[in-house]
Amino acid sequence: MSQHAPSDGPPSAAFRAAFPEWQLTSSGYRAVISTVGATVRELTYRGRHLVVPFDAGTVRPFYRGALIAPWPNRIADGRYTFDGRDFQVPLNEVDRSHALHGLVHWNRWEAVEALPDSVVLRTAVVPQDGYPFAIDLLAEYMVASPGLTGRLTATNIGSSPAPYGCCPHPYLVAGTSPLDEWQLSMPAATRLEVDERLIPVGTRPVDGVDCDFRTPSVIGAREIDHAFADLVTDDGGSVAVQLLDPAHGTGVELSFGSWAPWVQIHTADRPEPVNNRVGLAVEPMNCPPNAFNAPQGPPVLESGATHVAQWTISAISTPAPTGGSG
């Protein structure tokens, strides 16, 4: 049974006032951005879903569409050492005993600017036990002809260096066919191998673990919850992960720049049927899982320094097979 209770109806006026949303529209795209987690709650193109949505007024399921900082993925047992000091952050992945997806995904982000096709939101990582660093976060979303572009700007406003990682967390939807029939294209040569707690233990070439999507391949029954690296960029310096529904000639693309040398892919395998394999999580990251405990250490944001992450989600249309629908 899902831990996320269904909505009892539309949210009240008081709820909407406390937790506002912004609807952005342009060029056939419509995005609904929630103040909680600066979350992309819905994204459609000409009425077609590009991400797995969820109802307003409900608890957001499984980090869908949230912004993740100051670390993506997991810190094993919530413990890490930085600058010669040991830290313990709270555990929120109880079954595996890890600290998952940072500290701001439940924050209420405040609007700095809101226009019909864009919104700018702000929050901060407050210095606290386990993460005594101050990070100002600015989230910008805009819809235009290329799709929905998100940008997360992090500035270390504290007096000391800070470990810092981030990622967006959309679950992409290629079309109305089941996920097993979708075709994935991803220019990654290496997969990060993990143990039973999903903590990294090494790397392997993708062609040795049946996860080579450098040539488009149907996902099939594969169950994937891994980070991938050695990404190949196009002539413009971008990495494009594409997901197609060949039966209907529809698809979606997530593209991002060199700020993210890693991308996490998850086929959303869940025990409850309503959530099982409903979309493909595609999470470009500036560091791998458990980076705060990696031998080389986590990415470091120096005092006064800024890190910018940017990505775009776009609709794809391809010729459908004879007899298919567009």
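Only one of (1) surrounded by 15 or more Cβ atoms within 10 Å (Cβ to Cβ); (2) closer than 27 Å to residue 195 by Cβ; (3) touching a residue at least 24 places away in the same chain (Cβ under 8 Å) is not met by residue 97, so which one is it?
Going through (1) surrounded by 15 or more Cβ atoms within 10 Å (Cβ to Cβ); (2) closer than 27 Å to residue 195 by Cβ; (3) touching a residue at least 24 places away in the same chain (Cβ under 8 Å) one by one, residue 97 breaks only (1).
Return the residue satisfying two criteria in turn: it lies in the range 76-92 and is assigned to a strand (DSSP E or B) and out of contact with any helix residue (DSSP H, G or I) (no Cβ under 9 Å at 6 or more places or on another chain), and of such residues it is farthest from residue 198 (Cα to Cα). Even if it seems obvious, please write down each step before you answer.
As a first pass, look at the range 76-92 and keep what is assigned to a strand (DSSP E or B): 76, 79-82, 85-88.
Filter once more, so that each one left must be out of contact with any helix residue (DSSP H, G or I) (no Cβ under 9 Å at 6 or more places or on another chain): 85-86, 88.
On the way: 85: 25, 86: 22, 88: 19 Å.
Applying the filter and picking the extreme gives 85.
For the range 206-213, state whether one or more residues are at pLDDT 95 or above, over 22 Å from residue 261 (Cβ atoms) and part of a loop (DSSP other than H, G, I, E, B).
Within the range 206-213 (the criterion being at pLDDT 95 or above, over 22 Å from residue 261 (Cβ atoms) and part of a loop (DSSP other than H, G, I, E, B)), the answer is yes, since at least one residue qualifies.
Which residues, taken from the range 82-94, are without any contact (Cβ under 8 Å) to a residue 12 or more places away in the chain, within 17 Å of residue 297 (Cα to Cα) and not basic (Lys, Arg)? Explain how you work it out, then say what you get.
Just the residues of the range 82-94 that are without any contact (Cβ under 8 Å) to a residue 12 or more places away in the chain, to begin with: 84-86, 92, 94.
Now restrict to residues that are within 17 Å of residue 297 (Cα to Cα): 84-86.
84, 86, listed by residue number.
Which members of the range 214-231 meet the condition of being surrounded by 21 or more Cβ atoms within 10 Å (Cβ to Cβ) and assigned to a loop (DSSP other than H, G, I, E, B)?
219
Give the residue that is surrounded by the most Cβ atoms within 10 Å (Cβ to Cβ), with candidates limited to residues of the range 174-213 that are within 29 Å of residue 44 (Cα to Cα) and small (Gly, Ala, Ser).
Per the stated criteria, the residue is 174.
Any idea which residue in the range 29-53 is nearest to the chain's Cα centre (by Cα), counting only those that are free of Cβ contacts under 8 Å to residues at least 40 places away in the same chain and assigned to a loop (DSSP other than H, G, I, E, B)?
Ranking the qualifying residues of the range 29-53, first place goes to 53.
Take the conditions charged (D, E, K, R) and surrounded by 14 or more Cβ atoms within 10 Å (Cβ to Cβ) and apply them to residue 302. Does it pass? Don't jump to the end; show me each part of the working.
On the way: charged (D, E, K, R): yes; surrounded by 14 or more Cβ atoms within 10 Å (Cβ to Cβ): no.
No; evaluated as a whole, the condition is false for this residue.
What number of residues in the range 305-320 are of a type in the set (Gly, Ala, Ser) and either in contact with a helix residue (DSSP H, G or I) (Cβ under 8 Å, 6 or more places away or on another chain) or crowded, with 16+ Cβ neighbours inside 10 Å (or both)?
4
Being in contact (Cβ under 8 Å) with a residue 40 or more places away in the chain and either of a type outside the set (D, E, K, R) or closer than 29 Å to residue 249 by Cα (or both) is true for just one of 215, 190. Which residue is that?
The unique qualifying residue is 190.
Can you say whether residue 160 is farther than 22 Å from residue 82 by Cβ and of a type in the set (Ser, Thr, Tyr), as far as the supplied structure shows?
Taking the combined requirement at face value, the residue does not satisfy it.
Check whether at least one residue in the range 226-235 is of a type in the set (A, V, I, L, M, F, W, C), within 14 Å of the chain's Cα centre (by Cα) and more than 22 Å from residue 196 (Cβ to Cβ), and report yes or no.
No, the range 226-235 contains no residue that is of a type in the set (A, V, I, L, M, F, W, C), within 14 Å of the chain's Cα centre (by Cα) and more than 22 Å from residue 196 (Cβ to Cβ).
If you take the residues of the range 22-58 that are charged (D, E, K, R) and surrounded by 17 or more Cβ atoms within 10 Å (Cβ to Cβ), which of them is farthest from residue 116 (Cα to Cα)? Break it down into steps so the answer makes sense when it comes.
Let us first name the residues in the range 22-58 that are charged (D, E, K, R), namely 30, 41-42, 46, 48, 55.
Remaining after also requiring surrounded by 17 or more Cβ atoms within 10 Å (Cβ to Cβ): 30, 41-42, 48.
Details: 30: 10, 41: 17, 42: 16, 48: 20 Å.
Out of the qualifying residues, it is 48.
Hey, can you tell me all the residues within the range 133-154 that are of a type in the set (S, T, N, Q) and part of a strand (DSSP E or B)?
At the first step, the residues of the range 133-154 found to be of a type in the set (S, T, N, Q) are 145, 149, 153.
Residues satisfying the conditions are 149, 153.
Name, by its number, the condition in (1) touching a Leu at 6+ places or on another chain (Cβ under 9 Å); (2) within 29 Å of residue 305 (Cβ to Cβ) that does not hold for residue 149.
(1)
So which strands (runs of 3 or more DSSP E) stay within the range 234-309 end to end and still have 3 or more residues that are closer than 23 Å to residue 100 by Cα? Let's see the steps before the verdict.
Numbers: elements: 239-245, 250-256, 262-266, 280-285.
In the range 234-309, the matching strands (runs of 3 or more DSSP E) lie at 262-266, 280-285.
The values are calculated or read from the model by the stated rules, or taken from the named source; none is laboratory data. Because the structure is predicted, anything quoted here is derived from the model rather than measured. With ideal geometry, Cβ positions are generated from the backbone for all residues, glycine too; neighbour counts draw on all protein chains shown.
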